[in-house]
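*Asks:* Dumping the structure here so I can ask a few things about it.
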Amino acid sequence: MKHTFFKTMLALVVLTASFLSFQGCKPKGAQSAVSGDAAAKAYVAPGKYDEFYNFVSGGFSGQMSVYGLPSGRLFRVIPVFSVDPEKGWGYSEETKPMLNTSHGFVPWDDLHHIALSVTKSEHDGRWAFGNANNTPRIARIDMKTFRTAEIIEIPNSAGNHSSPFITENSEYVVAGTRFSVPMGDNLDVPINTYKDNFKGTVSFIGIDKTSGEMNLSFQIATPGINFDLARAGKGKSAGWFFFSCYNSEKANTLLEVNASQKDKDFIMAVNWKKAEEYAKAGKGVKKQVKYAHNKYNESTHSATSEIKNEVLVLDPKDCPDMVYFMPCPKSPHGCDTDPTGEYIVGSGKLAAVIPVFSFAKIEAAIAAKNYDGEYDGIPVLKYEAVLHGEVQKPGLGPLHTEFDGNGNAYTSFFVSSEIVKWNIKDLKVLDRVNTYYSIGHLCVPGGPTSKPHGKYVIAYNKITKDRYLPTGPELTQSAQLFDISGDKMKLVLDFPTIGEPHYAEAIPASMIMKNSQKIFKLEENKHPYAALGDNNAKVERKGNEIHVYMTSIRSHFTPDNIEGVKLGETVYFHVTNLEQDWDVPHGFAVKGAANAELLIMPGETQTLAWKPEKAGVYPMYCTDFCSALHQEMQGYIRVSPAGSNVPLTFSTGTNLPAAKPAAATTAPAEKSTTK
Amino acid sequence: MKNNLTTTSRILVAFASGALVCAFFLPVWRIDLFAPQYPEGLMMNIWINGLSGDVEIINGLNHYIGMKHISVDMFPEFKFLPYVVGFFMLLGMLVAITGKRKFLLWYLILTVIGGALAVYDFYRWGYDYGHNLDPNAAIRVPGLSYQPPLFGHKRLLNFDAYSFPDVGGWVVVGASALAFTVWFVEWYRHRKKTTV
């Protein structure tokens, strides 16, 4: 009995010990990856400024967010492709046309990539471009106002993923279609006729040197493959653009299997200087299409949307030496050119190597017609002839590559969840660091330019799991900041992001902050319904519309009492913020409004349309805490039944019609009129 | 000859009175306001014939406590100040041309009287601006007034107010000091001569 007890105990002890040792074999926690001085590196003291602005795509939020680096502090979410009730974006009458498309008003999209404007392939701090992945569009954000200035729709495109990458002097941003689709007159075709009827395009959108205005210059018709990402060349390769493509199998179903059959897909090399010449020489064909071009005018504080009907399409068959394919292993995703423009890094999502192409070799192969056959009539260059070399055993699932300007490349690996640093010339892996978890894009400040600023690499991760306090099934997205100033990459900071971050760019704060606009000048306000001064405030009836020319200044609206509105009429509150002082926006909201608030910057005019459904008196108030008497910044609008004979009156500071002696007024009487 | 200024002195007096021309092109006084919400500060520049700077913003803030709307119209001084400065320039030139030490003394006495009047006038305006408040103002603190400082610093509610000469004002101060120095040196030299 005793023996049995002893044996049992011994067995239990052994079992427990071995179990504990198994526990010890589990990977160490992620926390151990942080070194001692990480906090100091990310610390930006209160009141101090960050060194970089980080413009981060919002993914399925449709917006662009602006963070400071190295602190990871969020400064602003710029509304771009999705409505934003907080800022009235897509709700005010002035901003609604910005979201117009050939499909009508579209309130949402998916913003994946950022391209900052460049001069000589270096940041110039003027504009940021973003793509709409779902309903193909490109937006231009003005870095003076941090607002969306323009949105252009891309016809003959479906899923504008390969966008908005930019040429060396911001001549063009591009838009390669992710989905190939039927084009032309007959769009109603069986899906299984993909191979015959589906085509792709890459579009070149010209950018005006001074105004930044976009214009769809030309499209290149391509075989029915799927475009993923792209980069312009730099320096000697500046006249070229490189597009990664997948699904050279031309599958239209179960792509995860059917588009992964071939050993190699392509990077498509486009000589865009040549394409530009062909377009000018009339080699293209004008095709009838329909797309919206929306512009925001900062003097009328209003957007206009124009539907355009024509696009110039270049067919590679008619334009020799314009397009070439380079074989690239297994469904390439990232396609990045190094700061010198000599090396093009492809990243086959399923490949075991990172192929690096040489521009000098590409030129030589083209000159020698060193082809490996054709693909739909387009010459395919020999893989070995254009290859600089392959990075061996870099990791699993390479996606994107950025550069530090010291001859090093940083590639993100989704599957093995790491960033790998390697040398471009000798293709040797130098360092690797884990990311938490499953990194997608990454960003080195100035990484896509010819003069990277280096210092940091930021990982934009797809999964956060246990990195933050849990918030139910839906967890925050996140970025991670690594110090790359030494030989070894060091994790410095995790910070949460809005939406799902895809590509991002970072630019020195000194290039942007000095240009940041503080107010809109009232004397430059050309809004047709602006009231430039309390004395110009008025209410007018036009048919069944009531137009309120309203002013707001600390801390009252003029007018703040309005009577005589009838049911069935639509009231347009045109609110002009008369402040000319920095950081004094006023808001405007009226009870029961079926849209949103207005948030009006100093000197700006914005309009809220409101259709009351019931007779009564409705309150309205300022929503942005503007002063000590912000709470008092309120008023009433009275709505009477349709047949009522209440006259249209308005006032501030005095009762109109007069109810009692105006003894208790606290502000001087404003101009009051009866209509 | 003994009551006449030396050539150097006459040139210096001419230079000092000529320098007053700066008052036409540069603001003579400035008031700076700092508050927690205005770390970058608000500034009002006073010229001999007008105002510049963040006047409208200051007005917007001051209406809460019932202060008057500052505008060029509330200062009749702006209409005649350019003539006064012109007069002093002319007078200084005459002193330099005639070269009489006695005239320089009278010129300096006039300058002192003019300066004193200007200071009094500025004080009188500041007193009215700070005390004569709208009885219907949103914020009324019985017994509290907001007279801006005549010179130097004063705390006004949440604002730190600073009142100092601006560039033009410093030129005027410098020019006057130069004229005084010239007179003093001349007087000292003359006294030496007479005592010896």
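*Asks:* Among the residues of the range B:25-47, is any part of a helix (DSSP H, G or I) and more than 14 Å from chain A (Cβ to nearest Cβ)?
*Replies:* Scanning the range B:25-47, I find at least one residue that is part of a helix (DSSP H, G or I) and more than 14 Å from chain A (Cβ to nearest Cβ), so the answer is yes.
*Asks:* Is it the case that some residue within the range A:441-461 is polar (S, T, N, Q), in contact with a Lys or Arg (Cβ under 9 Å, 6 or more places away or on another chain) and over 21 Å from A:Val66 (Cα atoms)? I'd like the intermediate steps shown before the answer.
*Replies:* First pass over the range A:441-461, keeping only residues polar (S, T, N, Q): A:449-450, A:461.
Next, only the ones that are in contact with a Lys or Arg (Cβ under 9 Å, 6 or more places away or on another chain) stay: A:449-450, A:461.
Add one more test, that the residue is over 21 Å from A:Val66 (Cα atoms), and what stays is A:450.
Yes, some residue in the range A:441-461 is polar (S, T, N, Q), in contact with a Lys or Arg (Cβ under 9 Å, 6 or more places away or on another chain) and over 21 Å from A:Val66 (Cα atoms).
*Asks:* Quick one: is A:Tyr572 touching a helix residue (DSSP H, G or I) at 6+ places or on another chain (Cβ under 7 Å), at pLDDT 95 or above and more than 14 Å from chain B (Cβ to nearest Cβ)?
*Replies:* No; evaluated as a whole, the condition is false for this residue.
Let's see how each residue does on (1) away from chain A (no Cβ under 14 Å); (2) touching a His at 6+ places or on another chain (Cβ under 9 Å); (3) on the phi > 0 side of the Ramachandran plot:
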residue	(1), (2), (3)
B:Asn136	no, no, no
B:Pro149	yes, no, no
B:Lys154	yes, no, no
B:Ala161	yes, yes, no
B:Asp166	yes, no, no
B:Gly169	yes, no, no
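*Asks:* Another question, if that's okay. Can you tell me which residue among A:Lys286, A:Lys280 is touching a residue at least 12 places away in the same chain (Cβ under 8 Å), of a type in the set (Lys, Arg) and surrounded by fewer than 21 Cβ atoms within 10 Å (Cβ to Cβ)?
*Replies:* Working: A:Lys280 fails: touching a residue at least 12 places away in the same chain (Cβ under 8 Å).
Answer to the selection: A:Lys286.
*Asks:* Let me ask you something else. Just a yes or no: is a residue in the range A:542-551 touching a residue at least 12 places away in the same chain (Cβ under 8 Å) and within 14 Å of another protein chain (Cβ to nearest Cβ)?
*Replies:* yes
*Asks:* Among the residues that make up the range A:557-578, is at least one of them assigned to a loop (DSSP other than H, G, I, E, B), of a type in the set (S, T, N, Q) and closer than 30 Å to B:Ile65 by Cβ?
*Replies:* no
*Asks:* Would you mind listing the strands (runs of 3 or more DSSP E) fully within the range A:445-513 where at least 1 residues are touching a residue at least 12 places away in the same chain (Cβ under 8 Å), within 20 Å of A:Val56 (Cα to Cα) and among the acidic types (Asp, Glu)?
*Replies:* Details: elements: A:456-461, A:477-483, A:490-497, A:504-508.
In the range A:445-513, the matching strands (runs of 3 or more DSSP E) lie at A:477-483, A:490-497, A:504-508.
*Asks:* What number goes with the only condition from (1) crowded, with 19+ Cβ neighbours inside 10 Å; (2) touching a helix residue (DSSP H, G or I) at 6+ places or on another chain (Cβ under 7 Å) that A:Ser163 does not pass?
*Replies:* (2)
*Asks:* Can you confirm whether the range B:161-170 contains a residue that is surrounded by 15 or more Cβ atoms within 10 Å (Cβ to Cβ), in a loop (DSSP other than H, G, I, E, B) and among the acidic types (Asp, Glu)?
*Replies:* Yes, the range B:161-170 contains at least one residue that is surrounded by 15 or more Cβ atoms within 10 Å (Cβ to Cβ), in a loop (DSSP other than H, G, I, E, B) and among the acidic types (Asp, Glu).
*Asks:* Which ones in the range B:48-67 are assigned to a loop (DSSP other than H, G, I, E, B) and either within 19 Å of B:His131 (Cβ to Cβ) or more than 10 Å from every other protein chain (Cβ to nearest Cβ) (or both)?
*Replies:* B:Ile48, B:Asn49, B:Gly50, B:Gly66, B:Met67, listed by residue number.
*Asks:* For residues in the range A:230-259 being under 19 Å from A:Tyr375 (Cβ atoms) and out of contact with any Phe, Trp or Tyr (no Cβ under 7 Å at 6 or more places or on another chain), which is surrounded by the most Cβ atoms within 10 Å (Cβ to Cβ)?
*Replies:* Taking the range A:230-259 and keeping what is under 19 Å from A:Tyr375 (Cβ atoms), we get A:230, A:240-252, A:255, A:258-259.
Narrowing the set further to residues that are out of contact with any Phe, Trp or Tyr (no Cβ under 7 Å at 6 or more places or on another chain) leaves A:242, A:244, A:246-247, A:249, A:251, A:255, A:258.
Values: A:Phe242: 27, A:Ser244: 29, A:Tyr246: 25, A:Asn247: 25, A:Glu249: 17, A:Ala251: 18, A:Leu255: 14, A:Asn258: 13.
Step by step, filter the range A:230-259, then rank; the result is A:Ser244.
*Asks:* Among all residue pairs at least 6 apart or on different chains, which show Cβ distances below 7 Å where the first residue, located in the range A:247-266, is without any contact (Cβ under 8 Å) to a residue 12 or more places away in the chain and the second is charged (D, E, K, R)?
*Replies:* A:Asn258/A:Glu249
*Asks:* Sort out which residues of the range A:221-253 are in contact with a Cys (Cβ under 7 Å, 6 or more places away or on another chain), closer than 23 Å to A:Glu168 by Cβ and either assigned to a loop (DSSP other than H, G, I, E, B) or aromatic (Phe, Trp, Tyr) (or both), and write them in order of number.
*Replies:* Selection gives A:Phe227, A:Phe242, A:Phe243.
Here is a yes/no grid of residues against (1) assigned to a helix (DSSP H, G or I); (2) away from chain A (no Cβ under 14 Å); (3) under 30 Å from B:Trp183 (Cβ atoms); (4) modelled with pLDDT under 95:
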position	(1), (2), (3), (4)
B:His69	no, no, no, yes
B:Ala118	yes, yes, yes, yes
B:Asp128	yes, yes, no, yes
B:Val141	no, no, no, yes
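*Asks:* Here's something else I'd like to know. Would you check if A:Gly130 is at positive phi and either in a strand (DSSP E or B) or assigned by TED's automatic domain parsing to the domain that holds A:Phe218 (or both)?
*Replies:* no
*Asks:* Here's something else I'd like to know. Please indicate, with yes or no, whether at least one residue in the range A:491-513 is under 30 Å from A:Arg554 (Cβ atoms) and surrounded by fewer than 19 Cβ atoms within 10 Å (Cβ to Cβ).
*Replies:* Looking for residues that are under 30 Å from A:Arg554 (Cβ atoms) and surrounded by fewer than 19 Cβ atoms within 10 Å (Cβ to Cβ), one finds at least one in the range A:491-513, hence yes.
*Asks:* When residues of the range A:276-303 are filtered for being part of a loop (DSSP other than H, G, I, E, B) and closer than 18 Å to A:Val174 by Cβ, how many remain? Steps first, please.
*Replies:* From the range A:276-303, those part of a loop (DSSP other than H, G, I, E, B) are A:281-284, A:298-301; that's our starting set.
From the residues that got through so far, the ones that are closer than 18 Å to A:Val174 by Cβ too are A:284.
So the count comes out to 1.
*Asks:* Here is a follow-up. Can you find a residue in the range A:621-634 that is surrounded by 23 or more Cβ atoms within 10 Å (Cβ to Cβ), away from every other protein chain (no Cβ under 14 Å) and assigned to a loop (DSSP other than H, G, I, E, B)?
*Replies:* Within the range A:621-634, one or more residues are surrounded by 23 or more Cβ atoms within 10 Å (Cβ to Cβ), away from every other protein chain (no Cβ under 14 Å) and assigned to a loop (DSSP other than H, G, I, E, B).
*Asks:* Turning to a different aspect of this structure: Go through the residues of the range A:320-336 one by one and say whether even a single one is without any contact (Cβ under 8 Å) to a residue 40 or more places away in the chain and out of contact with any Gly (no Cβ under 9 Å at 6 or more places or on another chain).
*Replies:* yes
*Asks:* Considering the range A:49-106 alone, what residues qualify as being more than 30 Å from A:Gly454 (Cβ to Cβ) and among the charged types (D, E, K, R)? Quick ask: steps written out before the conclusion?
*Replies:* Step one: of the range A:49-106, the residues more than 30 Å from A:Gly454 (Cβ to Cβ) are A:60, A:62, A:79, A:81-106.
A:Asp84, A:Glu86, A:Lys87, A:Glu93, A:Glu94, A:Lys96, listed by residue number.
*Asks:* Pick out the one residue from B:Tyr107, B:Tyr188 that is surrounded by fewer than 13 Cβ atoms within 10 Å (Cβ to Cβ), part of a helix (DSSP H, G or I) and of a type in the set (Ser, Thr, Tyr).
*Replies:* The unique qualifying residue is B:Tyr188.
*Asks:* Would you mind telling me which numbered condition in (1) surrounded by fewer than 20 Cβ atoms within 10 Å (Cβ to Cβ); (2) within 14 Å of chain B (Cβ to nearest Cβ) A:Pro602 fails?
*Replies:* (1)
*Asks:* Here's something else I'd like to know. What residue, among those in the range A:549-569 that are of a type in the set (A, V, I, L, M) and under 35 Å from the mean Cα position of the chain (by Cα), is modelled with the lowest pLDDT?
*Replies:* A:Ile553
*Asks:* Right, next: Taking A:Lys591 and the conditions (1) more than 23 Å from A:Pro641 (Cα to Cα); (2) of a type in the set (D, E, K, R); (3) within 37 Å of the chain's Cα centre (by Cα); (4) surrounded by fewer than 23 Cβ atoms within 10 Å (Cβ to Cβ), which numbered condition does it fall short on, given that it satisfies the others?
*Replies:* Every listed condition holds for A:Lys591 apart from (1).
The values are calculated or read from the model by the stated rules, or taken from the named source; none is laboratory data. Owing to the predicted nature of the structure, the values given are computational and were not obtained by experimental measurement. Cβ coordinates were reconstructed from backbone atoms using ideal geometry, including for glycine residues, and neighbour counts include every protein chain displayed.
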